[in-house]
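What follows is one structure encoded as structure tokens, with my remarks underneath.
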């Protein structure tokens with residue numbers, strides 16, 4: 001497995017695990033009551049910041065483990081990277097319409113923030129999964 | 001299951017004919033990762049024209065001896 005493919009896997013795993021933990025925390029905090037009254041701002045900022053820090057840390061560790069191979073990126077890596085970003089962009093563009101609609105309908109900030117967060121998460125996951133499939137099955 | 005491209009190649013045979021050149025050695029000479037060379041060899045990735053020429057140049061053969069594209073009438 002090339003270093004760039006490992007990066008895509010790390011990105012996918014972190015992109016999946018962090019939101020799962022975040023939504024579990026929110027679910028517990030809501031405790032069956034009105035979910036829109038749940039204090040979500042700090043946990044969401046921690047989830048976003050944590051995912052960024054985890055990605056950087058995982059990349060540094062993978063880079064050290066890979067040694068000389070870490071810096072290698074060829075035309076296939078660049079093509080797969082572009083394809084992944086392209087898919088992620090379209091997923092984000094479509095899903096961003098949901099919080100836009102909610103904002104226009106003057107929905108609770110909770111729902112606007114969470115549909116936007118979910119859009120980020122799903123776009124990142126779609127991008128990472130596209131890259132993994134391209135590495136495994138071919139372009 | 002690998003998604004095959006229509007382009008086939010003789011890289012594996014050419015490597016063996018060139019003193020059993022390893023995938024790692026060829027990958028280094030054309031400036032790609034070993035995984036990319038494996039993907040090309042297995043028909044999971046069609047390289048750019050420039051890379052195809054680089055591969056042919058390593059084996060000192062014309063491009064047509066390395067890569068083949070089926071005639072639609074065949």
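Using C-alpha pairs under 8 Å with a sequence gap of at least 6, the mean separation divided by the residue count of chain A gives a relative contact order of 37 percent. Rounded to two decimals, the Cα-based Rg/Rh of segment A:10-87, with Kirkwood Rh, is 1.15.
Given R₀ = 25 Å, FRET efficiency for residue A:103-residue A:41 by Cβ-Cβ distance, to 0.05? Approximately 0.90, to the nearest 0.05. Over all pairs of different C-alpha atoms in chain A, the reciprocal of the mean inverse distance, the Kirkwood hydrodynamic radius, equals 16.5 Å.
Once the Cβ-Cβ distance of residue B:65 and residue A:62 is raised to the sixth power relative to R0 = 35 Å, the FRET efficiency obtained is 0.35. Across peptide B:27-38, the mean count of Cβ atoms from other chains lying within 10 Å of each residue's own Cβ comes to 4. Convex hull volume of the Cα atoms of chain B, normalised per residue: 97 Å³.
Defining a contact as two alpha carbons under 8 Å apart and six or more residues distant in sequence, what relative contact order in percent does chain B show?
42
From Cα pairs below 8 angstrom and at least 6 apart in sequence, can you work out the relative contact order of segment A:11-92, rounded to a whole percent?
26
Every read-out reported here was derived from the displayed coordinates using simple, explicitly stated rules and does not represent laboratory data. The model shown is predicted, which means the values in this text are computed figures rather than measured ones. Heads up, the Cβs are rebuilt from the backbone with ideal geometry, glycines too, and the neighbour counts pull from every protein chain shown.
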